[in-house]
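Heads up: the structure comes next, in structure tokens.
What follows is calculated from the coordinates using simple rules that are stated; it is not laboratory data. Just so it is clear, the structure is predicted and the values come from calculations on it, not from any experiment. Note: ideal-geometry Cβ built from the backbone for every residue, glycine included; neighbour counts use all protein chains shown.
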Amino acid sequence: MVTGSGVRGPGRRPGAPDTRGQILSAARTAFADKGFERTTVRGVAAAAGVAPGLVHHFFGAKEDLFLAALAVPFDPRVVLAPVADGPPDDLGRGLARTFVDIWEDERRRESLLALLRGAMTSPPVATMLREGFMPMAVGALGRAVAAPDPAARIQLALAQLLGMATLRYAVRVEPLASMPPDEVVNRLAPALQLHLRG
């Protein structure tokens, strides 16, 4: 806003850049080019032309920036925590229920399908999911999974879930595509329990 004296008052300048959008764009490029581990908040801030504190202000930690940059419609650390904290004998059922409920939510499904297809066709997206998303999921579930090799156990369970999601929601293979969600959960739960705790 310009005052009568010609001095600009508070408020956004006309044509001011979308700072949040610039940060997200820089983050997508950095995560795609360098992977999750080698991307830094400081590097993203420099590429976006802002101070690192502004990245933290908008997004918080690097993990949060990653989820926003990929438009992941849920935070695996949040949705998997109750699964990990539940009874060990219900771990497979809890994971199946959480995963199916997320995919059944039509508000999330479009973004999830885009990520699933992107991971299959774009090496940078696959790298970002492998280096960013998978460690978050393993970290969230790891304490509840039987030793040895909890990471391998979780990856096998997620492979089962992603295969189901591909056939049910992306390819729409029958009868899986029309199966009631509760039946999908009931059929997946024993296999997931075997992977995670067997």
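Dividing the Cα radius of gyration of the stretch 76-197 by 2.2 N^0.38 Å, with N the residue count, gives 1.02.
The radius of gyration of the Cα set in the stretch 19-69, together with its Dmax, comes out at 9.1, 24 angstrom.
Show me the helices of the chain, taken as full DSSP H stretches, that run 20 Å or more along their long axis by Cα and average 0.0 or above in Kyte-Doolittle hydropathy.
Values: long enough: 19-38 (23 Å, -0.49); 106-121 (23 Å, -0.39); 150-165 (22 Å, 1.07); 181-197 (23 Å, -0.13).
Membrane-span-like by this rule: 150-165.
As a proxy for reagent exposure, ranking Met179, Met136 by other Cβ atoms within 10 Å from fewest up yields Met179, Met136.
What's the FRET efficiency of Arg107 with Thr40 using the Cβ-Cβ distance as r and R₀ = 41 Å, to the nearest 0.05?
The value I calculate is 0.80.
Here the relative contact order of the stretch 76-197, from alpha carbon pairs under 8 Å that lie six or more residues apart, stands at 42 percent.
Per residue, the convex hull spanned by the Cα atoms of the stretch 10-168 measures out at 141 cubic angstrom. The residue list Leu24, Val171, Val79 was ranked by how far each Cα lies along the charge dipole of the chain toward its positive end, using unit charges on Cβ atoms, and Leu24 comes out on top. One decimal place: the segment Ala159-Ser178 gains 4.7 nm when fully extended, by the rule 0.36 nm per residue minus the C-alpha distance.
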